[in-house]
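Quick notes on the structure that follows.
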Amino acid sequence: MVIDGSDVLDNPNGTAPGLFLEHQGTSIALLPGPPREMRPMFENFVLPRLTEKSGNLRIVRRVLRVAGMGESAVDELIAPVYLQYENPQTTILFNHTEIEIQLTAHGRTEQEADALLDRLSEQLEERLGQSIFSFAGETMEEVVGLKLSVGRYSLSVAESCTGGLIAQRLTEVPGASKYFVEGVVAYSNEAKKRTLGVEPVLLLEHGAVSAPVAEAMAEGVRDRAGTDFGLSVTGIAGPDGGSEEKPVGLVYIALADDAHTEHRKLMLPGDRNLIRWRASQAALDLLRRRLI
């Protein structure tokens with residue numbers, strides 16, 4: 001079924017056609033839902049029409065991603081910069097693992113709009129430094145994967161509370177086999193001892209959720225896999241299992257290489273899913289900063 005007076009847009013990837021029509025001065029596009037059908041239809045048939053209608057106006061959008069900072073802290077640092085600009089416009093958004101700074105600029109050409117974004121992006125980077133991990137919307141796992149690949153480094157991962165989430169994220173990136181060697185989910189204390197070589201005395205004296213155990217996990221998986229880096233995470237994702245001394249949201253991450261081993265203690269807010277995702281992000285960010 002098609003709307004009277006509309007142009008039918010071809011769909012070589014499916015059965016539902018797209019439609020494009022003008023109604024009372026407004027352009028209306030109706031597209032199928034599946035991305036593999038919608039995206040090529042938009043790029044091939046809708047975008048050229050909108051470009052023609054826009055005349056001497058081009059709008060360009062850029063997404064910067066920030067790790068290890070809260071939304072209010074990011075805004076406090078960069079507001080004195082972006083408030084000076086009417087073009088580009090700046091929006092700060094929070095998602096479950098990071099802060100997105102969305103920049104939108106308009107100009108007579110894409111190059112002109114890009115130049116405006118470049119200038120503002122450079123000023124924001126001066127304020128935020130290494131906390132910015134992406135300048136074109138890349139995910140943390142894409143950024144880390146690229147740095148590992150370029151440096152020809154190898155990585156192994158030992159996970160407890162994240163249950164393989166870090167390994168899942170890493171292997172979602174095409175070409176991960178170039179740098180990702182092995183992932184171990186050592187959920188129980190017995191698994192930590194048997195699979196990673198964590199000394200029983202560490203578990204007895206400090207508990208599974210502790211800095212010494214996190215470091216031992218990172219060193220253990222690195223030694224056994226023979227990789228340049230070993231990354232680990234152990235924590236309490238909840239909703240049960242917490243105590244006054246070790247509440248839900250307590251997470252330790254650790255990173256080992258041939259030079260030294262370091263750890264970070266985190267208190268992460270949120271439900272079980274958020275704590276696991278935020279722990280995975282913090283662990284990958286620790287590796288990213290080491291690679292820098």
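Against the criterion of being modelled with pLDDT under 95, over 24 Å from residue 291 (Cβ atoms) and not basic (Lys, Arg), residue 244 qualifies. A Cβ distance below 6 Å, combined with a sequence gap of six or more or placement on separate chains, defines the contacts here; from region 252-275, residues that are closer than 16 Å to residue 98 by Cβ reach residues that are surrounded by fewer than 16 Cβ atoms within 10 Å (Cβ to Cβ) in the pairs 274/96.
Residue 196 falls short on exactly one of the conditions (1) in contact (Cβ under 8 Å) with a residue 40 or more places away in the chain; (2) buried (at least 19 other Cβ atoms within 10 Å of the Cβ), and that condition is (1).
Considering region 1-94, the qualifying helices (runs of 4 or more DSSP H), each wholly inside and each with 1 or more residues that are of a type in the set (S, T, N, Q), run over 47-54, 71-82. There is at least one residue in region 239-251 that is in the same structural domain as residue 167 (by TED's automatic domain parsing) and closer than 20 Å to residue 140 by Cα. For residue 141, the conditions (1) in contact (Cβ under 8 Å) with a residue 12 or more places away in the chain; (2) at positive phi; (3) not polar (S, T, N, Q) are fulfilled apart from (2). Pairs linking a residue in region 106-127 that is at negative phi to a residue that is assigned to a helix (DSSP H, G or I) and among the hydrophobic types (A, V, I, L, M, F, W, C), with Cβ atoms under 6 Å and 6 or more positions apart or on different chains, are 106/113; 107/113; 123/81; 124/78; 127/77; 127/78.
Condition check: surrounded by fewer than 23 Cβ atoms within 10 Å (Cβ to Cβ), at pLDDT 95 or above and over 23 Å from residue 275 (Cα atoms). Does residue 146 satisfy that? Taking the combined requirement at face value, the residue satisfies it.
Any idea which residue in region 93-105 is nearest to residue 285 (Cα to Cα), counting only those that are free of Cβ contacts under 8 Å to residues at least 60 places away in the same chain and under 18 Å from the mean Cα position of the chain (by Cα)?
Per the criteria, the residue is 99.
Being loosely packed, with under 13 Cβ neighbours inside 10 Å and small (Gly, Ala, Ser) is a property that residue 136 has. When region 7-19 is limited to residues that are under 11 Å from residue 41 (Cα atoms) and in contact with a Phe, Trp or Tyr (Cβ under 8 Å, 6 or more places away or on another chain), the one that is surrounded by the most Cβ atoms within 10 Å (Cβ to Cβ) turns out to be 18. Can you find, within region 15-43, the residue that is farthest from residue 2 (Cα to Cα) among those that are in contact (Cβ under 8 Å) with a residue 24 or more places away in the chain and of a type outside the set (A, V, I, L, M)? The qualifying residue farthest from residue 2 (Cα to Cα) is 40. Residues that are more than 20 Å from residue 282 (Cβ to Cβ) number at least 2 in the following helices (runs of 4 or more DSSP H) confined to region 107-178: 110-128, 140-151.
Got a sec? Which of 40, 35 is more than 25 Å from residue 117 (Cα to Cα), within 23 Å of the chain's Cα centre (by Cα) and not polar (S, T, N, Q)? Talk me through it step by step, then tell me what you get.
Numbers: 40 fails: within 23 Å of the chain's Cα centre (by Cα).
Criteria check complete, one pass: 35.
From the list 233, 173, the lone residue that is under 29 Å from residue 74 (Cβ atoms), in contact with a helix residue (DSSP H, G or I) (Cβ under 6 Å, 6 or more places away or on another chain) and free of Cβ contacts under 8 Å to residues at least 60 places away in the same chain is 173. Within region 228-238, is there a residue that is of a type outside the set (Asp, Glu), within 26 Å of residue 152 (Cβ to Cβ) and surrounded by fewer than 23 Cβ atoms within 10 Å (Cβ to Cβ)? There is no residue in region 228-238 that is of a type outside the set (Asp, Glu), within 26 Å of residue 152 (Cβ to Cβ) and surrounded by fewer than 23 Cβ atoms within 10 Å (Cβ to Cβ). Among the criteria (1) among the acidic types (Asp, Glu); (2) closer than 30 Å to residue 120 by Cβ; (3) surrounded by 12 or more Cβ atoms within 10 Å (Cβ to Cβ), the one residue 43 does not fulfil is (3).
The values are calculated or read from the model by the stated rules, or taken from the named source; none is laboratory data. Keep in mind it's a predicted model, so treat the numbers as computed, not measured. All Cβ positions, even for glycine, are placed from backbone atoms using ideal geometry, and neighbour counts span all protein chains on display.
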